[in-house]
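Comments concern the structure below.
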Amino acid sequence: MMVSADTPTQNGNSHTQSHEADESQPGEDVDEKMTRLDLKSADGDGTKELAFDMQTRCQILLEELGQFQAHLRELKKETRVEVKGFKGGLQAEMKSLDKLTKSDPEIPKTKHGLRSSNLLFYSSVWSTAKTCTSVIGLGKKFYWPPSKDTQSTTNGKPDASGSTRKQNHALVDVVSQDGLEWIKVSSITEKRIIWDLAKAGWVDSDDESEDGLDPIDDEDDEPEGLLKQVEALLKASRATFVRNRHPRIVLILPRIGSVPDSKEVGNILSKIRDLGVLVKTADEIPTPPSLAEAILKMAAERFDSFSEVLNIDCTILLAFASDLSHGRVEPEDWHNKAISRQIEMEAEDQLLPNSLWPACGPRKMVCTRDAAIRMQEIVETIGTENEKKRAELLLLNVDSPHPREEILADFQSLTDYPVPKDWALPIQVVDVDIPAIMAALPPVVEKVAKNLTPINQSVFLYGWANDLTTLSSNGSVAKGMEVVIEANRVDDKTLGPDVWLSPSSRSLVGKEKQRRGYSEKETSEGFAAGNGHAS
């Protein structure tokens, strides 16, 4: 019996190359040859040719994946994107195909091995991934908690062995949009769906439902295959929150048309869509871009999802002003550990050109008056002359007679990096009425606000209430808000603030005399001790 193309092997280790590859080179009808391979009548030459075509195609997939990983390493993102399961399965597939190219092409076992290959599945997953943005996982498992009826117990207590956890999981083929989109790719055919339905007793059912099918959530009569996979994805998604949002599920069906030949298959797809799953059939699947373009999009941040106006936290204001963000700063013996580490980080990965300026783009920027005042206090207390000049340019009155081109030119004179011509300086300072904002937000805001300092209340609650993306490097605050919202959730509709976290933070370098006596003042006023950094 043919092995399901949706149950990939996940073993193996092999070295992958990273030179430019074109997936379309090794015969564009490999998929068609695989599906039409006749175990009895196919001649040995055709079988051998197909085996080598598949081997070449698998090698190209590995090479392209290797290039994606190399790009992630350049961006220092290799640990953020999980590809181990997908890569291991693809490597195992390569080993299997290597053996099949050396096998006797005349014997049924060789032909069966080619037909039962998972290459078509892996190829579809990779093609799908190349159309996605902000990919953070390929072949990643997600779990949901067991129900009281299904949870295994030991001496009347929940079993902590993990056996139930292993059962309660869904495999997501592509995790994109920085975690908010889960994509399942199924190379299943209409014929296989009909077979699954017949096995479950769904075809020609005498059930009283209008379409002759039992409900999808009827666990007493649940079909195998596609529906079971969708149900698992839904359960895992409902148990998962990414920035206080459930991931959206997308089902890709490259071997099924938009108008199925079978009424039963059409009914199944309608049921899946009714559950909120986006279904894309063969003629709705976009063509992947070039590998070079695809890799850039796959590794990109989720900037496309940002609001049109950005809310800038005090931590980012300081990063914009800091000498550490604008070129080489020579280490001094009076520099604390945080500054010394940030000098090293900037040498490895330039924060403004590589992260903050791309995040801003041409969008208008605002900051709360509390954030502006705090940043100005820190700059005036310990800032260098250049740090003070940058801070002034950042927060010039929006009605200033100075045109933007002049402001950017002045800022350019204070940095070693090319300033984007569309950077929307100056940042507009806005006044915030905390009681009014809290009255307009969900009730959980009361608990969220209790854990925030006044400045963080002004920044994050303002962004939340106005549906603005807040740029910050304060990861502990962002995570803390998520935890409080989830711990006090009463429905799935409550969305917390949209916060994008900078990959690193920057303190002010400051001047030696002021710096040496500043840590005590920072601690007492809520700054990160010794960092010249707002909390």
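The values are calculated or read from the model by the stated rules, or taken from the named source; none is laboratory data. Predicted model, so just to flag it, every value in this text is computed and none were measured. Backbone-built Cβ (ideal geometry, glycine too); neighbour counts: all protein chains shown. The protein model used for the area step is the full one, side chains on, heavy atoms only, and it has no ligands, DNA or RNA in it. Shrake-Rupley method; radii C 1.70, N 1.55, O 1.52, S 1.80 Å.
Here Leu234, Leu251, Leu291 are screened, and the one residue that is within 21 Å of Ile194 (Cα to Cα) and among the aliphatic types (A, V, I, L, M) is Leu251. For the residues Leu318, Leu251, Leu227, the requirement of being modelled with pLDDT under 95, in contact with a helix residue (DSSP H, G or I) (Cβ under 9 Å, 6 or more places away or on another chain), of a type in the set (A, V, I, L, M, F, W, C) and open to solvent by less than 50 Å² (accessible area, probe 1.4 Å) singles out Leu227. Considering segment 303-356, the residues that are of a type in the set (A, V, I, L, M, F, W, C) and not in a helix (DSSP H, G or I) include one that is nearest to the chain's Cα centre (by Cα), namely Phe306. Consider segment 397-416 and keep the residues that are open to solvent by less than 40 Å² (accessible area, probe 1.4 Å) and either β-branched (Val, Ile, Thr) or in a loop (DSSP other than H, G, I, E, B) (or both). The one that is nearest to Asp370 (Cα to Cα) is Ser400. For segment 125-138, the set of residues classified as open to solvent by less than 20 Å² (accessible area, probe 1.4 Å) and either at pLDDT below 95 or among the polar types (S, T, N, Q) (or both) consists of Thr128, Ser134, listed by residue number.
Condition (residue is open to solvent by 50 Å² or more (accessible area, probe 1.4 Å) and under 15 Å from Leu318 (Cβ atoms)) applied to segment 361-373: is it met by at least one residue? The answer is yes, given that some residue of segment 361-373 is open to solvent by 50 Å² or more (accessible area, probe 1.4 Å) and under 15 Å from Leu318 (Cβ atoms). Inside segment 404-463, can you point out the residues that are among the charged types (D, E, K, R), in contact (Cβ under 8 Å) with a residue 40 or more places away in the chain and in contact with a helix residue (DSSP H, G or I) (Cβ under 7 Å, 6 or more places away or on another chain)? Matches in segment 404-463: Asp431, Lys447. Listed by first and then second residue, the pairs linking a residue in segment 265-284 that is on the phi < 0 side of the Ramachandran plot to a residue that is small (Gly, Ala, Ser) and open to solvent by 20 Å² or more (accessible area, probe 1.4 Å), with Cβ atoms under 7 Å apart and 6 or more places separating them unless they lie on different chains, are Thr281/Gly257; Thr281/Ser258; Ala282/Gly257; Asp283/Gly257; Asp283/Ser258; Glu284/Ser258. Going through segment 360-413 one residue at a time, which ones are under 17 Å from Val429 (Cα atoms) and of a type in the set (Gly, Ala, Ser)? Listed by number, the residues that qualify are Ala371, Ala372, Ala391, Ser400.
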